[in-house]
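This report refers to the structure that appears directly beneath it.
The values are calculated or read from the model by the stated rules, or taken from the named source; none is laboratory data. Remember, predicted model here, so these are calculated numbers, not experimental data. For neighbour counting, all protein chains shown are included, and Cβ atoms are generated from backbone atoms with ideal geometry for every residue, glycine included. In case anyone asks, the SASA skips ligands and DNA or RNA and just uses the protein heavy atoms, side chains included. Shrake-Rupley method; radii C 1.70, N 1.55, O 1.52, S 1.80 Å.
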Amino acid sequence: MKFWIIILPLVLSLFACNSKEKNNVVVFSGQIKNTSLDSVYVILNEREKGFALDFDGNFSDTIQLNDEGYKTFSIDREEYSLYLIPGDSLFFKTDLRKLEETFHFKGIGAERNNYLFEKDKLINEWFANESLFRLDADQYIQNIEDFTANLRKVMVDYHVDKSFEKIEARNLYFDEFNLLYTYRDSYAYFNPTKTQLPIDFLDFKRFDLDNDNDFKQFKSYRGIVTYFLDEKLNRGESPIDILKNIKSESIKYSFIRALIDDLDPSDEFSAITYQAIQTFCDHQPWLKEAKLIMDNRKK
């Protein structure tokens with residue numbers, strides 16, 4: 001009896017560890033016909049997972065995933081939205097000669113990801129309609145509201161589960177702002193003779209722009225935060241002051257990564273940026289990379 005008293009907690013502990021490990025895995029496999037590619041990729045915020053294709057375009061592997069959220073599926077430089085949850089098991093199939101007609105998921109998580117492909121297609125069609133960007137602001141906003149309402153109907157047609165429906169409703173709220181951002185940046189080009197939009201056309205104050213969980217989960221939210229931080233830089237705010245006020249570790253490191261990518265030793269402003277990187281970054285490979293750029297020795 002004493003033996004089982006001692007060994008049972010150990011067995012339960014091992015079982016719990018194995019269960020946790022399995023629950024943190026997404027199984028992703030599939031077949032891509034008529035391709036000369038050797039790999040496809042899933043972009044997971046700050047890292048990338050490659051899937052090698054065999055001669056017939058088959059692939060199969062797993063993704064270690066601690067948190068669910070919107071990710072990106074990259075096929076030959078074309079990007080498609082995914083929403084992955086630990087425990088998903090997806091099988092993907094398409095024919096690159098007729099991708100839109102054959103792009104399809106099966107398995108656990110298939111419904112939400114098939115919906116997201118349809119959504120991406122509708123958004124691309126939206127952006128292709130140049131007449132929208134010639135509308136007055138009120139008309140454009142009304143079109144956004146109608147478009148979002150249609151996406152909600154499409155989501156119902158794909159029979160996504162209620163928990164994802166709630167998540168996607170929040171994501172659509174972020175998407176609407178991104179559509180407004182595109183309109184603002186395109187407005188002057190399409191409407192050169194009209195009165196330009198007010199400088200405060202985009203109201204960033206409606207969002208909490210330092211939310212670590214939202215940044216990890218929502219790709220559209222990450223876009224909004226990126227726009228907001230870029231605008232701070234464009235207004236001349238010091239990267240040191242910006243980083244000093246960011247509480248979210250995910251946002252901070254994403255911003256640092258962007259600062260490193262934009263370093264230019266011939267630009268005198270980069271000296272301040274480099275100082276900010278040295279002050280707030282403790283990831284040695286990034287610090288080394290930044291130093292090589294500033295020393296003008298990066299290959």
Worksheet entry | Residues (in a strand (DSSP E or B), open to solvent by 80 Å² or more (accessible area, probe 1.4 Å) and among the aromatic types (F, W, Y)) located in segment 53-102 | F91
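Residue-by-condition table, conditions (1) free of Cβ contacts under 8 Å to residues at least 60 places away in the same chain; (2) under 24 Å from F164 (Cβ atoms); (3) of a type in the set (S, T, N, Q):
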position	(1), (2), (3)
Y41	yes, yes, no
I63	yes, yes, no
D76	yes, no, no
L82	yes, yes, no
I85	yes, yes, no
K93	no, yes, no
R97	no, no, no
Worksheet entry | Answer residue from segment 198-213, given it is part of a loop (DSSP other than H, G, I, E, B) and within 22 Å of R257 (Cα to Cα) and is most open to solvent (accessible area, probe 1.4 Å) among those | D208
Item to complete: Report, by residue number, each residue of segment 219-244 that is basic (K, R), open to solvent by 50 Å² or more (accessible area, probe 1.4 Å) and part of a helix (DSSP H, G or I).
Response: K219, K244
Worksheet item: Among the residues of segment 278-299 satisfying the criterion of being part of a helix (DSSP H, G or I) and without any contact (Cβ under 8 Å) to a residue 24 or more places away in the chain, which is most open to solvent (accessible area, probe 1.4 Å)?
Response: K288
Item to complete: Go over the candidates K247, K216, K252 one by one and state the one that is in contact (Cβ under 8 Å) with a residue 12 or more places away in the chain, open to solvent by 40 Å² or more (accessible area, probe 1.4 Å), within 29 Å of D67 (Cα to Cα) and part of a helix (DSSP H, G or I).
Response: K216
Practice prompt. Answer with yes or no whether K22 is modelled with pLDDT of 95 or more and open to solvent by 50 Å² or more (accessible area, probe 1.4 Å).
Written response: no
Worksheet, complete the sentence: Within segment 255-277, residues assigned to a helix (DSSP H, G or I) and farther than 16 Å from E46 by Cα come out as S270, A271, I272, T273, Y274, Q275, A276, I277
Practice prompt. Scan segment 58-67 and give yes if some residue there is closer than 27 Å to Y253 by Cα, in contact with a Phe, Trp or Tyr (Cβ under 7 Å, 6 or more places away or on another chain) and not hydroxyl-bearing (S, T, Y), otherwise no.
Written response: yes
Practice prompt. Scan segment 149-177 and report the pairs whose first residue is closer than 15 Å to A110 by Cβ and whose second residue is open to solvent by 40 Å² or more (accessible area, probe 1.4 Å) and among the charged types (D, E, K, R), with Cβ atoms within less than 6 Å and a gap of 6+ or a chain change.
Written response: Y158/E111; H159/E111; V160/E111
Discussion item. So for segment 178-187 (the condition being of a type in the set (V, I, T), at pLDDT 90 or above and buried (at least 19 other Cβ atoms within 10 Å of the Cβ)), does at least one residue qualify?
Written reply: no
Practice prompt. Please go through segment 112-136 and pick out each residue that is more than 28 Å from H159 (Cα to Cα) and either in a helix (DSSP H, G or I) or open to solvent by less than 30 Å² (accessible area, probe 1.4 Å) (or both).
Written response: E130, S131, L132, F133, R134
